[in-house]
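Just so you know, all these numbers are worked out from the coordinates, no wet-lab data involved. If you're wondering where the values come from, they're calculated on a predicted model, not measured in any experiment. When we count neighbours, we look across all protein chains shown, and the Cβ atoms used for this are built from the backbone with ideal geometry, even at glycine.
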Amino acid sequence: MSPESTPLPPVLLDVPLGEWPSMIGVSGAEIYRVRQLQDWFFQRRIKSFDEITVWPAALRRACAEKLTLRSLVPDGQVASAEDGTVRFTYKTRDGLLFPSVFLHPPQGGDPVDPDEDEVPGGRSSLCLSTQVGCAWGCSFCASGRVPFKRDLTQTEIVEQIFWAEELTGRRLQSILFMGMGEPLANYENVVRALQWIRGSEGLHYGLRHVTVSTTGLVPQIQQLSKGAPAVNLAISLHAADDETRKKIMPRSARWTIKEVLKAAWDYQVKTRGSRLTFEYVMLDGINDSQRNAQRLSNFLRHRKCWVNLIVYNPVPGLPFQPSTEEKVKKFSDILSERGIWTRVRRPLGKDIGAGCGQLSV
Ligand code: SF4
């Protein structure tokens, strides 16, 4: 077998926890080694088995021969001069590049998540990617112009958290599945990643701190409510009528707004305590009229949900412009007057191509 065709060793986090004992070759009285590995991996963030100094050398060597601990290599980072945003690029083991975005808004600025508790030194969040490229083709989005290469694995998703904390020296308070890709189109890997992120055997993030976004894949939203770790859901609606949605989100619009909303309300009922947010990017002359605001409020009034009105980041080569300040304010006022919790989200990381809808590689 040529060196090029030698298969890469499996990555630890791709192996289900129940298979760790056989994978590392321990059983019986030695089973406590699994807990040690969990501790050294998730708490101490080791990158090689050699670092587990409480293990005998033979066990470290044997594990290093059949398993690897990390699957991504950082491949550059750029920090915003305007706010605390850092955009990282990672390279996968098969040589693909994708971004993720660290958000650390200046204190007193627009918070990423106003529901979060105050943290000394400010809150940090990670907007992580779930696919390399995106096949969903939302017409305003830079990621939708990056050809889809493949889904990220559960390890590649979780590892973005490790690297962001290591490269910035900060603890993350919120994990947002809002980077490149449609998370629910990579359903299996996203759910497995959530198990590591939410589970007590992994990173143990609370429900309030993990949000998965989707453009509204109804079957997957339904599936998510049955057995996956509960998360906050952020649904990118971006239109108040199906015709407009078809124009700007042609693939996701195969499900009508009513179908998406029904799945969202059902999800909320089944996962008590999860927060539901609707994302609405304000596109000048496309979806920002007062009539649009009234229609949207008719769908959402008397429901427990948030609306994020996102100020659009223009993408070079795309024919969309942000709505004017006045239109955004009017739109926001109409929703608020009808009792809908609404906030206007200013883009972070605009100067480094890291704002919402700007991500490419
Ligand atoms: S908005 Fe999300 S689903 Fe749509 S193209 Fe961009 S990354 Fe893909």
GNM flexibility winner over the chain from Ala135, Ala64, Ala264 (Cα, springs under 10 Å) = Ala64
Can you give the convex hull volume of the alpha carbon atoms of the chain per residue, in Å³?
-> 151 Å³
Charges only on Cβ, +1 for Lys and Arg, -1 for Asp and Glu: so what's the dipole of segment 3-107 about the Cα centre, in debye to the nearest 20?
-> 260 debye
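Between their Cα atoms, which of Lys246/Lys304; Lys91/Lys246; Lys258/Lys304; Lys149/Lys270; Lys91/Lys149 are more than 22 Å away from each other? Mind dumping the intermediate values first?
Values: Lys246/Lys304 26 Å; Lys91/Lys246 34 Å; Lys258/Lys304 16 Å; Lys149/Lys270 34 Å; Lys91/Lys149 13 Å.
Too far apart for the 22 Å limit: Lys246/Lys304; Lys91/Lys246; Lys149/Lys270.
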Rounded to the nearest 500, what is the 222 nm mean residue ellipticity of the chain from helices alone, with -39500 (n - 2.57) per DSSP H run of 4+ residues and division by all residues?
-> -8000 deg cm²/dmol
Give me the distance between the Cα centres of segment 129-191 and segment 265-329, rounded to whole Å.
-> 22 Å
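Based on other C-beta atoms within 10 Å, arrange Lys327, Lys226 from fewest to most. Please list the in-between numbers first.
Values: Lys327 18, Lys226 9.
Listing Lys327, Lys226 from fewest to most nearby Cβ atoms yields Lys226, Lys327.
Charges at C-beta only: +1 for Lys and Arg, -1 for Asp and Glu. How large is the resulting dipole of segment 218-360 about its Cα centre, in Debye rounded to 20?
Details: 24 positive and 13 negative charges, 110 e Å.
In debye, rounded to 20, segment 218-360 gives about 520.
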Most exposed first, judged by fewest Cβ atoms within 10 angstrom, Leu72, Leu13 run Leu72, Leu13
At q = 0.18 Å⁻¹, work out log10 I(q)/I(0) for segment 207-260 with the Debye formula, treating every Cα as an identical point scatterer and leaving solvent out; two decimals please.
-> -0.60
Which value, in debye to the nearest 20, gives the size of the charge dipole of the chain about its Cα centre, when Lys and Arg are +1 and Asp and Glu are -1 at the Cβ?
-> 800 debye
Mind computing the radius of gyration and Dmax over the alpha-carbon atoms of segment 132-229? Å is fine for both.
-> 13.7, 40
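How much length would be gained if the chain were fully extended between Leu167 and Gln38, taking 0.36 nm per residue of separation minus their Cα-Cα distance, in nm to one decimal?
Values: separation 129, 0.36 × 129 = 46.44 nm, distance 2.15 nm.
Result: 44.3 nm gained on full extension.
Which FRET efficiency value, to the nearest 0.05, do you get for Glu30 and Lys304 by plugging their Cβ-Cβ distance into 1/(1 + (r/R0)^6) with R0 = 45 Å?
FRET efficiency, Glu30 to Lys304: 0.35.
Using the 10 angstrom Cβ neighbour count as an exposure proxy, how do Asp266, Asp83 rank, fewest first? Numbers along the way, then the final one.
Numbers: Asp266 14, Asp83 21.
Fewest to most other Cβ atoms nearby, the residues stand as Asp266, Asp83.
Roughly speaking, what % of Cα-Cα pairs in segment 3-66 are separated by over 18 Å, rounded to a whole number? Mind dumping the intermediate values first?
Numbers: 685 of 2016 pairs.
Roughly 34 percent, rounded to a whole number.
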